[in-house]
Amino acid sequence: LTIPWMIAHGRQDPAVPFSQAQELHAWQPKSKLFEVDSDHVFGRVHPWTQETLPAPMTDIIQANISFLKTVFMIQEK
């Protein structure tokens, strides 16, 4: 891939080892690796009955927004 891409991965993921995210990032050093101290689902469960998201998921969302703003050069007003 030649387009910008971001890898978001929980360091405590029991389903997909964090080392696999590191390998992906090594294969494409221009990628953005965002790691969070969480599991595979970033602290969520199904069904979600809470009013707010868990902190790891909020961190992922903020990282994605920041990444997309950078990629598309969106300026804050």
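The values are calculated or read from the model by the stated rules, or taken from the named source; none is laboratory data. Since we're looking at a predicted model, the values are computed, not measured. Please note: Cβ atoms are built from the backbone with ideal geometry, for glycine as well, and neighbour counts cover all protein chains shown. Keep in mind that these areas ignore ligands, DNA and RNA; they rest on the heavy atoms of the full protein, side chains included. Shrake-Rupley method; radii C 1.70, N 1.55, O 1.52, S 1.80 Å.
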Q: Sum -39500 (n - 2.57) across every DSSP H segment of at least 4 residues in the chain, then divide by the residue count to get the 222 nm mean residue ellipticity, nearest 500.
A: -11000 deg cm²/dmol
Q: Please sort 4-14, 64-74 by packing, taking for each peptide the average over its residues of neighbouring beta carbons within 10 angstrom, highest first.
A: 4-14, 64-74
Q) Using a probe of 1.4 angstrom, how much of the accessible area of the chain is carbon and sulfur, in percent? A) 59 percent
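In square angstrom, what is the accessible area per residue of the chain with a 1.4 angstrom probe?
Working: 5910 Å² over 77 residues.
Computed with neighbouring chains in place, this is 77 Å² per residue.
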Q | Peptide ranges 17-26, 52-61 listed from the most packed, as the mean C-beta count within 10 angstrom indicates | A | 52-61, 17-26
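Given the convex hull of the Cα atoms of the chain, what is a quarter of its surface area in nm²? All intermediate terms of the calculation are to be shown ahead of the outcome.
Working: hull surface 25.8 nm².
Projected over every direction and averaged, the Cα hull of the chain covers 6.5 nm².
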Q. So how much slack lies between Val45 and Ser66, counting 0.36 nm per residue of separation and subtracting their Cα-Cα distance, in nm?
A. 5.1 nm
